[in-house]
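**Q** Got a structure here, written out as structure tokens. Questions coming.
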Amino acid sequence: MKGTRSVPQCGFSSRVVQMLDVLVPDYETVDVLADPEIREGIKEFSNWPTIPQLYVMAVNSSGSCDIVSEM
């Protein structure tokens, strides 16, 4: 995500945090803004251009904020 769980840095990251906070008490976030290599690498790894991306048990099973919202 862009930012952290406590300080999201974009609206989409904030929306995902709000949804997860209601449903999942314990989860970790990675701030892609802290490292350009991670930011670009996660897009290549997932073959998905947008951030945030949700990974469940190390698998990108959910995709973007819109997909998480639909779930």
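The values are calculated or read from the model by the stated rules, or taken from the named source; none is laboratory data. All values reported here derive from a predicted model rather than from experimental measurement. Cβ atoms come from the backbone with ideal geometry, glycine included; neighbour counts cover every protein chain shown.
**Q** For segment 1-53, name all the residues that are touching a Gly at 6+ places or on another chain (Cβ under 7 Å) and among the small types (Gly, Ala, Ser).
**A** Ser13 - this is the single residue of segment 1-53 that is touching a Gly at 6+ places or on another chain (Cβ under 7 Å) and among the small types (Gly, Ala, Ser).
**Q** Would you confirm whether or not segment 44-66 contains a residue that is out of contact with any strand residue (DSSP E or B) (no Cβ under 7 Å at 6 or more places or on another chain), of a type in the set (Val, Ile, Thr), surrounded by 13 or more Cβ atoms within 10 Å (Cβ to Cβ) and at pLDDT below 95?
**A** Checked segment 44-66: at least one residue is out of contact with any strand residue (DSSP E or B) (no Cβ under 7 Å at 6 or more places or on another chain), of a type in the set (Val, Ile, Thr), surrounded by 13 or more Cβ atoms within 10 Å (Cβ to Cβ) and at pLDDT below 95.
**Q** Right, something else. Looking at (1) at pLDDT 95 or above; (2) over 11 Å from the mean Cα position of the chain (by Cα), which is the only condition Ser14 fails?
**A** (2)
**Q** Condition check: surrounded by 11 or more Cβ atoms within 10 Å (Cβ to Cβ), out of contact with any helix residue (DSSP H, G or I) (no Cβ under 8 Å at 6 or more places or on another chain) and at pLDDT 90 or above. Does Asp26 satisfy that?
**A** It is false that Asp26 is surrounded by 11 or more Cβ atoms within 10 Å (Cβ to Cβ), out of contact with any helix residue (DSSP H, G or I) (no Cβ under 8 Å at 6 or more places or on another chain) and at pLDDT 90 or above.
**Q** Pairs under 9 Å by beta carbon, first residue on the phi < 0 side of the Ramachandran plot in segment 39-54, partner of a type in the set (Asp, Glu) and part of a loop (DSSP other than H, G, I, E, B), six or more apart or different chains?
**A** Pairs found: Gly41/Asp35.
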